[in-house]
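Chemist: Okay, handing you the structure first.
The values are calculated or read from the model by the stated rules, or taken from the named source; none is laboratory data. Just so it is clear, the structure is predicted and the values come from calculations on it, not from any experiment. When we count neighbours, we look across all protein chains shown, and the Cβ atoms used for this are built from the backbone with ideal geometry, even at glycine.
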Amino acid sequence: MDIFFHPRFTHQIEQMATAAEHDEVLTEVFGEVSALLQALEEFGHEIEGEQPEDASHRIVSSRYELFALRRTPPTVYTPYAQGRPVIRIVYAWCEEAAGSEAAVVMHMGDKARLGNTWYDGVVRQVEETMIRDWEHRHPRRRIQRKRQ
Amino acid sequence: MMSDDMEYESAADKLAGSSAFAGDPGGYSDQEWETATKRVEAARRRLADNPAAARAEAETYASIRTRVETLRAIRRARGLTQSQISAQLEISQAEVSRMERRNNLQLTTLARFVEAVGGRLRITAVFDNQEVEISVGDLLPAGD
């Protein structure tokens with residue numbers, strides 16, 4: 001599965017890598033983030049699901065087919081997983097030639113303090129700015145909208 | 001002495017404070033767009049030799065892979081396609097695909113899936129000196 005990256009995410013993971021080189025805890029978090037990206041590349045849609053333990057889930061509030069990779073997924077014991085970095089990596093799917101798909105990784109953030117309200121601002125920003133910029137740069141790789 | 005949670009919170013604060021997780025500044029140059037994907041790969045390689053990062057990456061990836069492959073393995077072992085299972089269960093092929101992606105199936109869902117591929121779900125509670133087979137029927141809500 002092909003994966004492309006928005007420059008925004010590129011900046012973020014570069015900063016995380018720099019911070020992780022000097023912080024033992026962030027080193028492990030970086031490894032987990034790297035595994036999520038690898039799993040997305042390897043398994044594509046197969047990691048997406050509706051259960052708390054799924055590695056990725058659909059962002060229902062968006063009009064696009066947006067998903068979020070999850071580091072520290074919430075469980076029945078820690079529904080909001082407070083206190084640790086609760087990393088979410090927002091990505092979308094775009095059409096490729098010959099009917100195939102590719103993932104476009106957009107943005108990474110820590111929603112530990114904001115809970116699910118974190119998505120409000122991120123979805124707005126992704127929809128209004130980042131997808132628009134992506135499609136301007138990649139007119140043949142349009143981001144999938146949700147089917148009505 | 002700090003707890004693990006406090007250490008994690010401190011680490012997260014460092015990132016948040018560095019503006020890494022702030023809003024999208026936009027205005028990226030042509031070069032930034034063209035090199036975005038290669039630079040992510042380079043960033044990941046920077047910690048490839050770090051034992052702690054490599055261990056965390058390997059464990060996380062293995063966990064995800066195990067979940068993804070569990071139901072795929074059952075279906076393939078029985079030589080059935082998603083279409084055949086969807087016909088058995090009288091649901092769409094897309095729903096079968098979604099079932100296979102889930103890693104925390106309800107017991108009823110898993111039991112139906114196993115029956116659709118020609119098997120029967122058995123659960124055994126294993127103790128130090130005893131094993132007790134639990135009837136799946138006892139665990140299912142009335143009507144299932």
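A quick yes/no check of all residues on (1) at positive phi; (2) of a type outside the set (A, V, I, L, M, F, W, C); (3) touching a helix residue (DSSP H, G or I) at 6+ places or on another chain (Cβ under 6 Å):
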site	(1), (2), (3)
A:Thr10	no, yes, yes
A:Glu21	no, yes, no
A:Val29	no, no, no
A:Glu32	no, yes, yes
A:Glu46	no, yes, yes
A:Ala55	no, no, yes
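Chemist: Something else: Say we look at region A:114-123 and pick out the residues that are at pLDDT 90 or above and more than 10 Å from chain B (Cβ to nearest Cβ); which of these is farthest from A:Ile59 (Cα to Cα)?
Modeler: A:Asp120
Chemist: I would also like to ask the following. Which of the residues belonging to region B:19-64 are more than 7 Å from chain A (Cβ to nearest Cβ) and under 23 Å from A:His57 (Cα atoms)?
Modeler: Within region B:19-64, B:Ala22, B:Ala58, B:Glu59, B:Ala62, B:Ser63 meet the criteria.
Chemist: A further question on this structure: Is it the case that B:Leu71 is more than 30 Å from A:Asp23 (Cα to Cα), crowded, with 18+ Cβ neighbours inside 10 Å, out of contact with any Cys (no Cβ under 9 Å at 6 or more places or on another chain) and at pLDDT below 75?
Modeler: yes
Per-residue answers, yes or no, for (1) among the acidic types (Asp, Glu); (2) over 20 Å from A:Ala103 (Cα atoms):
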position	(1), (2)
B:Ala22	no, yes
B:Gln31	no, yes
B:Arg39	no, no
B:Ala43	no, no
B:Asp49	yes, yes
B:Ala52	no, yes
B:Ala58	no, yes
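Chemist: Name the residues in region A:24-61 that are part of a helix (DSSP H, G or I) and of a type in the set (Asp, Glu), would you?
Modeler: A:Glu24, A:Glu28, A:Glu32, A:Glu41, A:Glu42, A:Glu46
Chemist: When the residues of region A:1-21 are filtered to those that are in a strand (DSSP E or B) and more than 7 Å from chain B (Cβ to nearest Cβ), which remaining residue is surrounded by the most Cβ atoms within 10 Å (Cβ to Cβ)? Steps first, answer last, please.
Modeler: Just the residues of region A:1-21 that are in a strand (DSSP E or B), to begin with: A:2-5.
Next, from what is left, pick out any that are more than 7 Å from chain B (Cβ to nearest Cβ): A:2-3.
Values: A:Asp2: 14, A:Ile3: 17.
Filtering first and then ranking leaves A:Ile3.
Chemist: Among the numbered criteria (1) touching a residue at least 24 places away in the same chain (Cβ under 8 Å); (2) over 20 Å from B:Gly26 (Cβ atoms); (3) assigned to a helix (DSSP H, G or I), which one does A:Ala112 miss?
Modeler: Tallying (1) touching a residue at least 24 places away in the same chain (Cβ under 8 Å); (2) over 20 Å from B:Gly26 (Cβ atoms); (3) assigned to a helix (DSSP H, G or I), A:Ala112 fails exactly one: (3).
Chemist: One residue is enough: does region A:56-69 have a residue meeting the conditions facing chain B (nearest Cβ under 7 Å) and modelled with pLDDT of 90 or more? Before you say what the answer is, go through the steps one by one.
Modeler: Looking only at region A:56-69, we keep the residues that are facing chain B (nearest Cβ under 7 Å), and these are none.
Looking through region A:56-69, none of the residues is facing chain B (nearest Cβ under 7 Å) and modelled with pLDDT of 90 or more.
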